[in-house]
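To start, the structure under review is shown below, and the notes come after it.
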Amino acid sequence: MIWRTFSMNSSIFKLNKKEFKLLWRLFWRTQWLMFCTSYTKQQGITYGWVMQPFLEDIYGKGTDEFYEAMQRHLDFFNTTPFVAGFIEALNISMEMESKYCHDIGLEFDNTSISAIKTALMGPLAGIGDAVNLSVLRVVASGVALGLSISGNILGPILFFLIIFIPTVLIRWYTPVIGLKAGGKFISDALKSGAFAAITKGATVLGLIMTGAMVAQFVTFKTTFMHTFNGTAFNLQAVLDSILPGLLPLILTMACFSYLRKKNKPVRVIVLLFVIAIVLTLLGITGGATK
């Protein structure tokens, strides 16, 4: 099958005036992808709204072909919003191919447009969620927390920039790739296993950062000490000899396990507050350290 795309003989990131105008318009319309969602179509209604002006340019406003294309793009759709531009741009490229084939009397299977949208929204959601939730936010939090705790104004500023700048770049360049690379990029990525590799790598990085944050910012120490037959017993020293940071790790994993059972975060906060009071009253935590 022929995939009709823009300027494939030039660099994939080099845009002419027509390409830039199209992508700039797509970039801004995509920001509204989550504006209208439903349980039946998720982002489907807004996806159709994003595609509307481009379909009008391709097929003509009010034509039968335009309404058929709009119907395709009002179906169920759900993926991470900041990578959705890739699928949108790819669909625009395919719609252009469909129109071109129709004009010169060739056959084009329009069901492939919906099929590739359905096939990509899952893998891209995995990549997008991993990068957004497990990498950018975790890295931003790790950098910003230390500064914020010390009262440094750079804390919230860096938190914003570390998330904002990569997000904007991804929102811009994924449609560029989708429009200019067309179907070849998709087939190559799926065959090479690039989607799985990116998702796994991002998840591993996120877990590493989470572990580092637990060790650095979760503080939970016992102050329990007692003398047995003339021998001083320091519970915290014993725990540190087994594994430094053992109590913060246990506390974090317990909270994580509790939340995975669909419990509300507010309950965790209240429960930790109650446990802290009880342990302090029993002299296990909260006392003076020696």
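Read the figures in this text as sums done on the coordinates, not as results from a lab. All of these numbers come straight from a predicted model, not from anything done at the bench. Because the Cβ atoms are built from the backbone with ideal geometry, glycine has one as well, and the counts that use them run over all protein chains shown.
Give the residue list of chymotrypsin sites (Phe, Trp or Tyr not before Pro) in segment 18-54 that are DSSP loop and have at most 15 other beta-carbon atoms within 10 angstrom.
Numbers: sites: Phe20, Trp24, Phe27, Trp28, Trp32, Phe35, Tyr39, Tyr47, Trp49, Phe54; in loops: Trp32, Phe35, Tyr39.
The qualifying sites are Trp32, Phe35, Tyr39.
Considering just Cα atoms, how many Å³ per residue does the convex hull of segment 220-281 enclose?
On the way: hull volume 5.5 nm³, N = 62.
In segment 220-281, the Cα convex hull volume per residue is 89 Å³.
Do any of Lys41/Lys61; Lys21/Lys180; Lys14/Lys99; Lys41/Lys180; Lys14/Lys61 go past 20 Å between their Cα atoms, and which?
On the way: Lys41/Lys61 24 Å; Lys21/Lys180 14 Å; Lys14/Lys99 25 Å; Lys41/Lys180 28 Å; Lys14/Lys61 30 Å.
Flagged as over cut-off: Lys41/Lys61; Lys14/Lys99; Lys41/Lys180; Lys14/Lys61.
Only four residue types carry charge here, +1 at the Cβ of Lys and Arg and -1 at the Cβ of Asp and Glu. Report the dipole size of the chain about the Cα centre in Debye, rounded to the nearest 20.
Working: 25 positive and 16 negative charges, 182 e Å.
Roughly 880 debye, rounded to the nearest 20.
Mean residue ellipticity at 222 nm from the helices of the chain, using -39,500 (n - 2.57) per DSSP H segment of n ≥ 4 over the full residue count, to the nearest 500 deg cm²/dmol?
-22500 deg cm²/dmol
Could you calculate the FRET efficiency of Leu249 with Tyr67 from 1/(1 + (r/R0)^6), where r is the beta carbon distance between them and R0 is 51 Å, rounded to 0.05?
Values: r = 58 Å, r/R0 = 1.14.
Taking R0 as 51 Å, the efficiency between Leu249 and Tyr67 is 0.30.
Taking 0.36 nm per residue of separation and subtracting the Cα-Cα distance, what length does fully extending Ala276 through Val204 add?
Working: separation 72, 0.36 × 72 = 25.92 nm, distance 3.21 nm.
In short, 22.7 nm is gained.
Let me have the relative contact order for the chain, percent, based on Cα pairs under 8 Å that are six or more residues apart. Kindly include the intermediate steps, with their values, before the conclusion.
Details: 299 pairs, mean separation 52.7, N = 290.
Here the relative contact order equals 18 percent.
For the chain, with a Gaussian network of springs between Cα atoms less than 10 Å apart, report the residue from Pro123, Pro265, Pro244 with the top mean-square fluctuation.
Of Pro123, Pro265, Pro244, the Gaussian network model singles out Pro265 as fluctuating most.
For an R0 of 25 angstrom, estimate the FRET efficiency from the Cβ-Cβ distance between Thr37 and Leu133 and round to the nearest 0.05. Before the final figure, lay out the partial values.
Values: r = 18 Å, r/R0 = 0.73.
Given R0 = 25 Å and the Cβ-Cβ separation, E is 0.85.
Taking the Cα atoms only, what angle lies between the long axis of helix 265-281 and the longest principal axis of the chain, rounded to 10 degrees?
Compared with the principal axis, the helix lies near 10 degrees.
In square nanometres and to one decimal, what's the mean projected area of the convex hull around the Cα atoms of segment 17-207?
Values: hull surface 51.1 nm².
That works out to 12.8 nm², a quarter of the Cα hull's surface.
Go ahead and set up a Gaussian network model of the chain, Cα springs under 10 Å, then flag whichever of Lys99, Lys18, Lys117 fluctuates most.
Comparing Lys99, Lys18, Lys117 in a Gaussian network model of the chain, the most mobile one is Lys18.
Taking 8 Å as the Cα distance limit and 6 or more residues as the minimum spacing, I'd like the relative contact order of segment 139-181 as a percentage. All intermediate terms of the calculation are to be shown ahead of the outcome.
On the way: 23 pairs, mean separation 13.4, N = 43.
Normalised by residue count, the contact order of segment 139-181 is 31 percent.
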